[in-house]
Protein chains: 2
Amino acid sequence: MVPHLITALNGPINELEARILDSMPAIERWFRLEWMEHTPPFYTSVDIRNAGFKLAPVDTNLYPGGFNNLTPQMLPLAVQAAMAAIEKICPEAKNLLLIPEKHTRNSFYLANVATLVRVFHQAGLNVRLGTLDETITAPTELPLADGGTLTVEPLVRKQGRVMLKDFDPCTILLNNDLSAGIPNVLKNIEQQYLLPPLHAGWAVRRKSRHFAAYEEVAKKFAKLLGMDPWLINPVFAQCGTVNFAEGTGIECVKANADAVLAKIRRKYKDYGINEKPFVIVKADNGTYGMGIMTVRDPKELDELNRRTKNKMAVVKDGQQVNEVIIQEGVPTYERINDAVAEPVVYMMDRYVVGGFYRVHADRGIDENLNAPGASFVPLAFAEPGNLARPGEKPGASAPNRFYMYGVIGRLAMLGASYELEQTDPNAESLEVESA
Amino acid sequence: MVPHLITALNGPINELEARILDSMPAIERWFRLEWMEHTPPFYTSVDIRNAGFKLAPVDTNLYPGGFNNLTPQMLPLAVQAAMAAIEKICPEAKNLLLIPEKHTRNSFYLANVATLVRVFHQAGLNVRLGTLDETITAPTELPLADGGTLTVEPLVRKQGRVMLKDFDPCTILLNNDLSAGIPNVLKNIEQQYLLPPLHAGWAVRRKSRHFAAYEEVAKKFAKLLGMDPWLINPVFAQCGTVNFAEGTGIECVKANADAVLAKIRRKYKDYGINEKPFVIVKADNGTYGMGIMTVRDPKELDELNRRTKNKMAVVKDGQQVNEVIIQEGVPTYERINDAVAEPVVYMMDRYVVGGFYRVHADRGIDENLNAPGASFVPLAFAEPGNLARPGEKPGASAPNRFYMYGVIGRLAMLGASYELEQTDPNAESLEVESA
């Protein structure tokens, strides 16, 4: 279950939403059974698009930033979830080592780190920050916008353990997505828990593998609810050897965009949806909203200007883009003050702990909103009078639309759990052992 | 960890409070380790008294009513905790049978039941209500104050299982404290989980056993924090054969009141506390605030008037009082609008899910507040600006006083866990088996 938050969209709910709300006990039980078989990622945030006729995750982040955008009233949920997570991983833990991103001058990001530190402190852990920045060789204070400070310290490697000076953690939690590759200091850790695992980092992870795993989840879930999985699952294809700067491999992108657009067109026709289909082409290992473009017609790919080519060629930490995912575009019909908005759902362990809207005044309903100029509107708890009550007549209370977003967020998280199992480099040898 | 709620008391925190707040990670870790060894009760509410110099639980309820007095904003915490509880007990569960008290005309109590139904529904269970009232032989609708209804149904016994018509639950949750004795329909259940267990009901349970177990917990915790356990533990004594109506056994009560008052006097002297000690004499199996009196001088017990004798002679469901507990009185210095108030902390599984103040305008700081005329003031989440931040200078932020109440509430809950282990009628045979 998820908190009831006030959503921007507050009109009558459509058939898909009604079905999800009506099936709450069956859905919760289904998740409960899935989590008996599969381990949830430590924490997850999911970007969701609500097109009214379709509701789908478009990005699943395993190193979520932006915890500072949740309302402080939500934090007890995060703390409670963190306690549950820690208890499973390392119940005797005293110390948690948190490794943030290196960009230490971004005050929004630092506010996210400060929020995480508070959550884990309140969950009963001594939390200290270690940095992958090798230029930092002594404890360094970083100023926070609210007047406080964070101290980051150099990592110390002692055989199989990663620590700080006088600080030996049971668990190392990454809030750094490893776009720049897996650093040596994190390799071959033997006696500690490193979460998320190294193969969840963008040095290894691929969006297309995630969405392939998500498709399995969406099919199972759709079967449970007796509905078409497409209603919650974006169609996608992948190209493995693309070089936008040199203009090679674009044919594959064109052909796949064409195929995905045709599939969307067919579905739109089946459902009588009067929309212009579009696809999102993005780096298969991309993050931070870099390397993303909207394609409404494959011909656009023949006429890419230099600026777009450059934008598509590299992502965070200067990583080259060679693999791209061509994903069905899901328009978003959520609006905040006339600006296009998409809900972002935050989870810790298997619990939804809050969410916010990513809002961009200068973007269309068919564009990526994770771009400079985006702002964040925390989702507040719904007022007591607004709480949905099961069994009451429709219209008697406002629907808990955020419940639905929490379901989709958790489906994407479950997809990530499948994905990490399928891509676990140690999984095969384990299977051999048990055989 | 517990949510940060606004408490009535907002002055500077004293040494005891400061020590508890400063020791947060150590305390949370300690609870984590205790819960590895001991099972928390399914749900618990604890009445707490804050005297400034002393902070102690005075009553631990294993069938909490009053969930309707928590703010709706808190309910997601309860739902999350309920999910964690269900997952441990009966992860495949679809159905929960909730058995409330029989007094179906008390609209406040029914609002509590309705709140519990919503919490478990949102945690993913089909919830139906079964009644121990044998005069109810068909599904019966009970009106709620908010216009809704609840339906209670007669219980159906099928060999080892308790069910309703067409409803076979995995877990049966009692919100009925069994003051009237253990009904036959609940005896010898074999294939289902009945929670809390039968020996937690007032037909079997004794306050004195609870506070003996709590004393163990208080000593362990005090050792962890390097403090005197008395600061969180009320002194008590017990008398086993008292009859207030006939005036027999009063000598034991007098002698024990004298002894407890002497112990309090000594402590007050040690700590330089300038207060008049008092004890609370109450039914050892009592509940609902019945059968309780304040004694400042043992001589008062010689001069009991008819009204007091009658009041002390019977408790809920007309049960005779033969056993009494003589407990150190802890004055409460919390005030809401000049009325005396005591915090009540609610827990589900091992998580604090909220709290409220019990307020009584006509009672003194040394009297029981659980009496007709009491009102309830929900504790609200503290505003963002008020959140305590670890490491900040004292005074830089309001202390999270509710954290402390959550710690004491959980200590009492842990006491109840020890108590239920020690009084488990099946425990001995298990020990023999493992020997």
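Per-residue surface analysis assigns A:PHE42 an accessible area of about 20 Å², computed on protein heavy atoms at 1.4 Å probe radius. Taking every residue in B:34-41 and counting other chain Cβ atoms within 10 Å of its Cβ, the average works out to 1. Normalised per residue, the accessible area of the protein assembly as shown is 41 Å², obtained with a 1.4 Å probe and no contribution from ligands, DNA or RNA.
Mean separation of Cα pairs under 8 Å and 6+ residues apart, divided by the residue count of chain A: what relative contact order is that in percent? Before the final figure, lay out each step's value.
Numbers: 833 pairs, mean separation 105.2, N = 435.
In percent, rounded to a whole number, it is 24.
Ranked from shortest, the separations from the 7 Å Cα-to-Cβ label point of B:GLN191 to its equivalents in the other copies are 4.9 nm. Please report how far the C-alpha centroid of the range A:163-237 lies from that of the range B:69-146, rounded to the nearest whole angstrom. Centre-to-centre (Cα) distance: 37 Å. Along the range A:103-113 the Karplus relation, 6.51 cos²θ - 1.76 cosθ + 1.60 evaluated at θ = phi - 60°, assigns HN-Hα couplings of 6, 7, 9, 8, 5, 5, 5, 5, 5, 4, 4 Hz to successive residues, with x for each Gly and Pro. Placing a label point 7 Å from Cα along the Cα-to-Cβ axis, B:TYR271 is separated from the same position in the other copies by 6.4 nm, shortest listed first. With a 10 Å cut-off around each Cβ of A:23-33, the average count of Cβ atoms from other chains is 5. Computed with every protein chain present, the accessible area of A:HIS199 is close to 20 Å² [probe 1.4 Å].
Any lysines with Cα under 20 Å of the A:LYS187 Cα? List them, leaving off those in the same chain fewer than 8 positions away. Here the lysines satisfying the reach criterion relative to A:LYS187 are A:LYS102, A:LYS158, A:LYS165. The lysines within cross-link reach of A:LYS276, meaning a Cα-to-Cα straight distance under 21 Å and a gap of 8 or more places when in the same chain, are A:LYS54, A:LYS254, A:LYS263, A:LYS267, A:LYS299. In terms of packing, defined here as the mean over residues of other Cβ atoms within 10 angstrom, the peptides A:206-217, B:406-417 line up highest first as B:406-417, A:206-217.
The mean number of Cβ atoms from other chains found within 10 Å of a Cβ in peptide B:72-85 is 6, as a whole number.
Against the empirical 2.2 N^0.38 Å (N residues), the protein assembly as shown has a Cα radius of gyration ratio of 1.03.
Give me the accessible area buried between chains B and A, both sides summed, with a 1.4 Å probe, in Å² rounded to the nearest 100. Don't skip to the end; give the middle numbers.
Working: alone 19940 and 19980 Å², together 35500 Å².
So the total buried area for this chain pair works out to about 4400 Å².
Packing-based ranking of A:30-39, A:165-174 yields A:165-174, A:30-39, ordered from highest to lowest mean Cβ neighbour count within 10 Å.
The values are calculated or read from the model by the stated rules, or taken from the named source; none is laboratory data. Remember, it's a predicted structure, so these values are computed and weren't measured experimentally. All Cβ positions, even for glycine, are placed from backbone atoms using ideal geometry, and neighbour counts span all protein chains on display. These area figures cover heavy atoms from the full protein model, side chains too; ligands, DNA and RNA do not enter into them. Shrake-Rupley method; radii C 1.70, N 1.55, O 1.52, S 1.80 Å.
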